[in-house]
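Student: Sharing a structure, written as structure tokens. Questions coming.
The values are calculated or read from the model by the stated rules, or taken from the named source; none is laboratory data. Please read these numbers as outputs of a predicted model, since none were measured by experiment. Ideal geometry is used to build each Cβ from the backbone, glycine not excepted, and the neighbour counts take in all protein chains shown. For the accessible areas, the whole protein counts, side chains as well, though only heavy atoms, and no ligand, DNA or RNA atoms are used. Shrake-Rupley method; radii C 1.70, N 1.55, O 1.52, S 1.80 Å.
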Amino acid sequence: MKADMTADWSDEWWHPRRHADRRPALLARNRLQAGIRDWLGVRDFLEVDPSALQLSPGNETHLHAMGVNAIGNDGLARRMYLHTSPEFAMKKLLAAGERRIFSFAHVWRNRERGARHSPEFTMLEWYRVGEDYSVLMADTLALLRLAGPLRHREVVCDPALEPERISVAEAFRAHAGIDLLATLDGVASDREALAAQAVAAGVKVAADDVWSDIFSRILSEKVEPHLGLGRVTILDRYPAAEAALARACEGEPREAERFEVYACGVELANGFGELTNAEEQRRRFQAEMDEKERIYGERYPIDESFLAALTLMPEASGIALGFDRLVMLATGAPRIDDVIWAPVG
């Protein structure tokens with residue numbers, strides 16, 4: 001079919017006038033990526049390039065993968081997935097003996113499209129063997145400082161300033177007046193207790209909302225708008241029920257070694273003290289997939305080779321950073337598509 005030569009294509013990203021407007025931000029993206037590579041390389045990180053095609057895309061309830069039919073030499077189709085994160089492959093490399101690795105990986109997620117979301121985006125992920133997850137917080141701050149002052153709409157954030165570090169429980173108490181830990185018993189949760197506090201705080205709760213749904217709504221409506229304003233916020237010690245891949249905090253089983261980094265109210269990075277107990281990880285994956293099937297009517301397979309690799313994987317910490325979002329904030333771009341060289345669609 002021939003192109004419609006009468007249509008106005010001037011708003012398309014590939015139109016010369018539109019590209020000229022986008023090009024400064026794209027060049028800034030390249031400079032920042034090169035700077036990050038140099039920073040990691042000086043610190044003995046090895047860049048790796050995991051395959052995007054996997055048997056399992058990840059096993060978190062609300063992450064939605066893109067499935068493909070891989071045709072073998074026998075002509076038969078085999079269901080595979082484009083990964084939602086390079087995490088499984090990179091942890092296998094840790095099991096194989098690597099100690100400091102990073103990847104700029106293209107990842108794919110369904111049900112994600114908007115000003116801050118693209119169905120295909122670039123994730124910067126890195127791991128440290130034998131080092132506490134707090135070291136990743138320092139890493140992330142250093143990389144944000146390479147990007148310089150950050151801004152999103154009218155909100156600014158200076159990564160050079162001392163960051164705010166606050167636990168999720170403290171943030172819920174400060175910004176929503178909610179005692180989060182009172183609704184938890186280890187990884188078990190009290191839905192009714194959290195629902196009552198949410199309603200009192202002015203958050204709507206649906207009859208079919210589970211604890212996790214209510215937690216996410218409080219976080220997005222009451223907490224996140226206060227994070228990363230003026231300076232970076234490190235939201236630390238997530239509830240264990242919301243940290244399927246993280247180990248529990250020492251002395252407090254209700255909390256886990258998971259943190260997120262915010263700037264300008266935008267979540268940029270998600271870090272963990274990594275869980276290496278294969279049986280516990282299997283239990284969590286199965287619970288996540290049971291919940292996914294309940295809500296969405298589908299489940300993803302569990303990567304048995306990943307669980308086997310966990311038995312060899314040393315203690316480690318790891319983090320994923322949304323690179324396109326960081327470029328957005330570094331350039332002040334209003335939409336994620338403005339900083340992707342060739343956006344989807």
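Student: Using a 10 Å cut-off on Cβ atoms, rank the peptides 27-34, 244-251 from the highest mean neighbour count down. Could the numbers behind the result be given before it?
Tutor: On the way: 27-34: 15.1, 244-251: 17.8.
Result, highest mean first: 244-251, 27-34.
Student: Calculate for the chain the 222 nm mean residue ellipticity that helices alone would give, adding -39,500 (n - 2.57) per DSSP H run of length 4 or more and normalising by residue count, nearest 500 deg cm²/dmol. List each step's numbers first, then the result.
Tutor: Values: 9 runs with 113 residues, N = 345.
Here the helix-only value at 222 nm equals -10500 deg cm²/dmol.
Student: Grab the other residues whose beta carbon is less than 15 angstrom from that of Arg18, score K and R as +1, D and E as -1, and report the net. Mind dumping the intermediate values first?
Tutor: Numbers: positive: Arg17, Arg22, Arg23, Arg335; negative: Asp8, Asp11, Glu12, Asp21, Asp337, Asp338.
That works out to -2.
Student: Which shape class applies to the stretch 65-155: rounded if a/c is under 1.5, otherwise prolate when a/b exceeds b/c and oblate if not, where a ≥ b ≥ c are the square roots of the Cα gyration tensor eigenvalues?
Tutor: On the way: a/c = 3.70, a/b = 1.35, b/c = 2.74.
Since a/c reaches 1.5 but b/c is at least a/b, the shape of the stretch 65-155 is classed as oblate.
Student: Give the shape of the chain as rounded, prolate or oblate, defined through the alpha-carbon gyration tensor: a ≥ b ≥ c are the square roots of its eigenvalues, a/c under 1.5 means rounded, and otherwise the shape is prolate if a/b is larger than b/c and oblate if not. Kindly include the intermediate steps, with their values, before the conclusion.
Tutor: Details: a/c = 1.33, a/b = 1.17, b/c = 1.14.
It comes out rounded by the Cα gyration axes.
Student: Let me ask another. What does the net charge come to around Ala70 if you take all other residues with beta carbon closer than 12 Å to its beta carbon, with K and R at +1 and D and E at -1?
Tutor: Working: positive: Arg78, Arg79; negative: Asp74.
In short, +1.
Student: Still on this structure, please answer the following. Considering Cα pairs under 8 angstrom that are at least six residues apart, work out the relative contact order of the stretch 1-160 and quote it in whole percent. Don't skip to the end; give the middle numbers.
Tutor: On the way: 181 pairs, mean separation 27.8, N = 160.
Computed value for the stretch 1-160: 17 percent relative contact order.
Student: Okay, moving on. Summarise the accessible area of the chain (1.4 Å probe, protein heavy atoms) by the percent that is carbon and sulfur. Please report the intermediate quantities before stating the final value.
Tutor: Values: 8200 of 16110 Å².
Here it works out to 51 percent.
Student: Hey, can you find the accessible area per residue of the chain for me, probe 1.4 Å, expressed in square angstrom? All intermediate terms of the calculation are to be shown ahead of the outcome.
Tutor: On the way: 16110 Å² over 345 residues.
In whole numbers, the chain has 47 Å² accessible per residue.
Student: Among rounded, prolate and oblate, which fits the stretch 231-338 when a ≥ b ≥ c are the square roots of the eigenvalues of its C-alpha gyration tensor, a/c under 1.5 means rounded, and a/b larger than b/c means prolate?
Tutor: Details: a/c = 1.98, a/b = 1.53, b/c = 1.30.
Prolate, since a/c reaches 1.5 and a/b exceeds b/c.
Student: Grab the other residues whose beta carbon is less than 11 angstrom from that of Pro334, score K and R as +1, D and E as -1, and report the net. Write out the running numbers ahead of the final one.
Tutor: Numbers: positive: Arg116, Arg151, Arg153, Arg335; negative: Asp337, Asp338.
Overall, the nearby charge balance is +2.
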